[in-house]
Amino acid sequence: MKAPERSEKRNGGKPPASQTEPQPVKEKQEPEQPAKPAQRRGRPRKKPAPVQEAAQPAVAEIAAAQPSAPKKGGRRPRQNRAEAKNPVRIIPLGGLGEIGKNMTVIETQQDIVIVDCGLAFPDDDMPGIDLVIPDFTYVVQNREKVRGIFLTHGHEDHIGGLSYLLKELNIPVYAARLTIGLVEGKLKEAGNLKSAKLNVVKAGDTIRCGSISVEFIAVNHSIPDACAFAIFTPAGTLVHTGDFKIDYTPVDGQMIDLARFGELGRHGVLALMSDSTNAERPGMTPSERRVGEAFEMLFDKAGDRRILVASFSSNVHRIQQVIDVAVRHGRKVVVSGRSMENVTAKALELGYLKAPKDTILDVDHMKGIPDDKLVIITTGSQGEPMSALTRMARGEHRKISVTAHDFIIISANPIPGNEKLVGRVINDLMKLGADVIYESSMGIHVSGHACREEIRTILGLTKPKYFIPVHGEYKHLAKNRELALEMGMQDDHIMVSEIGQVIELTADSIKSVTTVPTGAVMVDGSGIGDVGSIVLRDRKMLSEEGLIIAVATIDSKTGAILAGPDVVSRGFVYVRESEELLVGARQVCRQALASAGNGQGGREWSNLKQAVRDQLGGYLFNKTKRRPIILPIIQEV
């Protein structure tokens, strides 16, 4: 990528574009051209890390916005008339009242930027659905205003929907290096990598997008390169924390930039959008290094047994600690599971994972290595049916078989709703004789999200005028609201919102003004959004009640029944034990066809089919108290 045309620092925490009118762009730009990152003053100018050639966009000549400095004294700058008349709108399209598919629109009168575009995994009441993404209707309808999408980090619930959005809008994407690396892999699978406009940005860079500027701020999370955003608009400064925690001893040595949050707070934050995932939990989230200490103890305990560690594939810091401990214990490392293999390969390529030469082996090359010299890092910590660990537990993995000489560490807590799946895998592994360590008391997992004291810290540093809890189920948002009240914020300055609700902010007000089209778009195979509530209802009925097919052939002239009716049962009753029921069903079908054919409606197919559904459905319910789906098939000859 080219170096920015102008490079400016944050100027001591003075917010760009929030206290002044947006600076003019040197030349007219197309709406969807990407902006260039601006570096802070006083530091050497460095080019952002390059993206693969296939993903390089043409870089627009747009300078980073920086304002004139506010007066000294630490007082909030006064809003001018233009700022008071130009509200900013915050529109959550996902991530509120749920875990997953995070997506937020920030809109001024002239411009739109998007924060994240994630996916969610289907609930139990979505049979056959592969994944769920946000509804893009609003951003597609306003495509001429959309200037870019900014990604906080590389987890699926923040980037998983991006490939689907870029098929609708080919807009610039801005993210840190590892996040862009993971996005490249997803776009390559989706077939739209070559056309994507991917831009690598570092913490501290600011991107100008018309009247909106977005600054990247380093935070700690369970994946490297996580960032919060300071979003500078004509109405004021917004802060979006993304997923964060405060880790004073991070594995990679890159601590959250608390000083920057404090600078922003001294110069005035209009609204804070804060991660709510752990708002119920008191205290602070332990450091990731604590897991490394637990690994040391458990590797010693394993003795001469083979060690398997199951974790989230995106937790690069966790993988690094497994590698480090394995090296100290003289063990080779094998990576198993598609997503684990992909993330590990990308992290090694970009330098986020470090391992001595020949430490990490392909699963095909593990044969012949003694158990006491081997560690396998695998997917499946959530009991996913097709994950590597689950297939091992069922004895279905083609290359790895679990035995009584295995020591297995599940380094993750079950996500709510996955407890049964995880429990089943643990039971199956234990039945094979393996020693399974999964208790949270062993210190083998820490969260990547802030607990109450960390949220208090960010609230105290930024001192926002308004507070909007984000990222979590409603109970998490409500607990985050309570925390803000405890910090002294006024109740009417806190907005617990919902997906699709439009929040309008000015220097003096926050209110919900309208709603936009939103919801869950379900992806089933290659179909996107073609499965709705009616299809899900039918699938659920099929799974719960079964299917009855009634087949008959009638004379097109006389209406006489020439063949059948035959009744076929699938998932309803066992035919051999229900002959009497099915004989009665055939008689009911015959009577229904005869009565419908002689009625005022004549032999209209719709009348004949509806008569069969109604009369056969009533008969079956009276006999079984069940309501299967009834599918009449009537042919005329």
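So is Asn342 surrounded by 24 or more Cβ atoms within 10 Å (Cβ to Cβ) and within 21 Å of the chain's Cα centre (by Cα) or not? So Asn342 fails the test. Where strands (runs of 3 or more DSSP E) fall wholly inside the stretch 87-198, the ranges with 1 or more residues that are closer than 16 Å to Val523 by Cα and among the hydrophobic types (A, V, I, L, M, F, W, C) are 131-134. Residue-level analysis places Ile400 outside the set of residues that are aliphatic (A, V, I, L, M), open to solvent by less than 60 Å² (accessible area, probe 1.4 Å) and touching a Phe, Trp or Tyr at 6+ places or on another chain (Cβ under 7 Å). A residue that is acidic (Asp, Glu) and more than 20 Å from Thr104 (Cβ to Cβ) occurs nowhere in the stretch 213-230. Of everything in the stretch 358-397 that's of a type in the set (A, V, I, L, M) and surrounded by fewer than 21 Cβ atoms within 10 Å (Cβ to Cβ), which residue is farthest from Leu348 (Cα to Cα)? The selected residue is Met386.
Listed here are the residues, each with its yes/no results for (1) among the aromatic types (Phe, Trp, Tyr); (2) closer than 23 Å to Ile90 by Cα; (3) touching a residue at least 60 places away in the same chain (Cβ under 8 Å); (4) touching a helix residue (DSSP H, G or I) at 6+ places or on another chain (Cβ under 7 Å).
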{"position": "Ala259", "(1), (2), (3), (4)": "no, no, no, no"}
{"position": "Met273", "(1), (2), (3), (4)": "no, yes, yes, no"}
{"position": "Ser276", "(1), (2), (3), (4)": "no, yes, yes, yes"}
{"position": "Pro282", "(1), (2), (3), (4)": "no, no, yes, yes"}
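A single member of Arg318, Arg290 is open to solvent by 50 Å² or more (accessible area, probe 1.4 Å) and part of a helix (DSSP H, G or I), and it is Arg290.
For Ile444, indicate whether it is in a strand (DSSP E or B), in contact (Cβ under 8 Å) with a residue 40 or more places away in the chain and open to solvent by less than 20 Å² (accessible area, probe 1.4 Å). No; evaluated as a whole, the condition is false for this residue. Note on the stretch 248-278: residues that are open to solvent by 10 Å² or more (accessible area, probe 1.4 Å) and of a type in the set (D, E, K, R) amount to 4. Take the residues of the stretch 476-526 that are outside any loop (DSSP other than H, G, I, E, B) and within 19 Å of the chain's Cα centre (by Cα): which is modelled with the lowest pLDDT? So, considering only residues that are outside any loop (DSSP other than H, G, I, E, B) and within 19 Å of the chain's Cα centre (by Cα), the one modelled with the lowest pLDDT is Asp524. For Leu562, the conditions (1) open to solvent by 30 Å² or more (accessible area, probe 1.4 Å); (2) in contact with a Ser or Thr (Cβ under 6 Å, 6 or more places away or on another chain); (3) modelled with pLDDT of 80 or more; (4) of a type outside the set (S, T, N, Q) are fulfilled apart from (3). Here is the figure for the stretch 212-253: residues that are of a type in the set (Phe, Trp, Tyr) and either in a loop (DSSP other than H, G, I, E, B) or modelled with pLDDT under 95 (or both) total 2. Among residues of the stretch 351-372 that are under 22 Å from Phe407 (Cβ atoms), those with a beta-carbon under 8 Å from a residue that is surrounded by 10 or more Cβ atoms within 10 Å (Cβ to Cβ) and hydroxyl-bearing (Ser, Thr, Tyr) at least six positions away or on a different chain give the pairs Ile360/Thr344; Val363/Ser336.
Does Ile415 satisfy the condition of being touching a residue at least 12 places away in the same chain (Cβ under 8 Å), open to solvent by 20 Å² or more (accessible area, probe 1.4 Å) and among the β-branched types (Val, Ile, Thr)?
yes
Considering only the stretch 341-385, state which residues are more than 16 Å from Arg318 (Cα to Cα), of a type outside the set (Gly, Ala, Ser) and either in contact with a helix residue (DSSP H, G or I) (Cβ under 7 Å, 6 or more places away or on another chain) or in a strand (DSSP E or B) (or both). Working first, answer last.
Of the stretch 341-385, the ones more than 16 Å from Arg318 (Cα to Cα) are 349-350, 356-359, 361-374, 383-385.
Now narrow it down to the ones that are of a type outside the set (Gly, Ala, Ser): 349-350, 356-359, 361-367, 369-374, 384-385.
Those that are more than 16 Å from Arg318 (Cα to Cα), of a type outside the set (Gly, Ala, Ser) and either in contact with a helix residue (DSSP H, G or I) (Cβ under 7 Å, 6 or more places away or on another chain) or in a strand (DSSP E or B) (or both): Leu350, Pro356, Thr359, Leu361, Leu374, Glu384.
The values are calculated or read from the model by the stated rules, or taken from the named source; none is laboratory data. All figures in this text were calculated on a predicted structure; none of them were measured in a lab. All Cβ positions, even for glycine, are placed from backbone atoms using ideal geometry, and neighbour counts span all protein chains on display. For the accessible areas, the whole protein counts, side chains as well, though only heavy atoms, and no ligand, DNA or RNA atoms are used. Shrake-Rupley method; radii C 1.70, N 1.55, O 1.52, S 1.80 Å.
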